[in-house]
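A short write-up of the structure that comes next.
The values are calculated or read from the model by the stated rules, or taken from the named source; none is laboratory data. In this text, all values refer to a predicted model and were calculated from it rather than measured experimentally. No Cβ is skipped: glycine too gets one built from the backbone with ideal geometry, and neighbour counts run over all protein chains shown.
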Amino acid sequence: MLSAALSIQRKLLAEDNPDLLYTLDSLGAALEGQGKWAEAEAVHREALTVSRKLGGPDGPEALVDLERLVRVLMAEKKFGEAEPLMAQAPQAAFPTEISTLTVVERRWGKDPIAAARFSGVVSRI
């Protein structure tokens, strides 16, 4: 249903319309909930582009969309892609080191390989 709404909005609205952003964010969240990480990644990338056009690269919506994209990339274990995106955001936009590590451990367990790859990301927060 959200995909159909997005299709209609693409025909009727400008690329930087806030309603389009809202639909993109909702669709991205729905795809995450279904575990469709690659599709969610594509939608969150588009949402980030739109939110940056609307409010600038450091606007609140852009920071939220940046966090959503990073979360999906981490779920896909694309740590190398997530790290430079995290570096773009102010420190306050992402959780603290302890809570981030807690999230990683809950998601992947105490996998030493995942922890080693992720440690480079966390040390920069």
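Before we move on, is residue 38 surrounded by fewer than 21 Cβ atoms within 10 Å (Cβ to Cβ) and either in a helix (DSSP H, G or I) or without any contact (Cβ under 8 Å) to a residue 40 or more places away in the chain (or both)?
Values: surrounded by fewer than 21 Cβ atoms within 10 Å (Cβ to Cβ): yes; either in a helix (DSSP H, G or I) or without any contact (Cβ under 8 Å) to a residue 40 or more places away in the chain (or both): yes.
Criteria met by residue 38.
Going residue by residue through the stretch 107-123, is there one that turns out to be crowded, with 20+ Cβ neighbours inside 10 Å, more than 30 Å from residue 13 (Cβ to Cβ) and modelled with pLDDT under 55? Write out each step before concluding.
Here is the first cut: in the stretch 107-123, the residues crowded, with 20+ Cβ neighbours inside 10 Å are 118, 121.
Now drop any that are not more than 30 Å from residue 13 (Cβ to Cβ), which leaves 118, 121.
Those still in the list that are modelled with pLDDT under 55 too: 118, 121.
Yes: one or more hits.
Which of the residues belonging to the stretch 14-35 are in a loop (DSSP other than H, G, I, E, B) and loosely packed, with under 15 Cβ neighbours inside 10 Å?
Correct list: 14, 15, 16, 34, 35.
So, in the stretch 64-88, exactly how many residues are part of a helix (DSSP H, G or I) and touching a Phe, Trp or Tyr at 6+ places or on another chain (Cβ under 7 Å)?
So the answer is 5.
How about the stretch 17-50: which of its residues are at pLDDT below 90 and either within 21 Å of residue 87 (Cβ to Cβ) or touching a strand residue (DSSP E or B) at 6+ places or on another chain (Cβ under 8 Å) (or both)?
Selection gives nothing.
When both residues are 6+ apart or on different chains and their Cβ atoms are under 8 Å apart, which pairs have a first residue that lies in the stretch 67-84 and is in contact (Cβ under 8 Å) with a residue 24 or more places away in the chain, and a second that is surrounded by fewer than 18 Cβ atoms within 10 Å (Cβ to Cβ) and not in a helix (DSSP H, G or I)?
Short answer, once both residue conditions are applied: 67/89; 83/124.
Looking at the stretch 33-63 only, could you name the residues that are of a type in the set (Gly, Ala, Ser) and farther than 17 Å from residue 16 by Cα? Outline the logic, then answer.
Narrowing the stretch 33-63 to residues of a type in the set (Gly, Ala, Ser): 33, 35, 38, 40, 42, 47, 51, 55-56, 59, 62.
Within the stretch 33-63, 33, 35, 38, 40 qualify.
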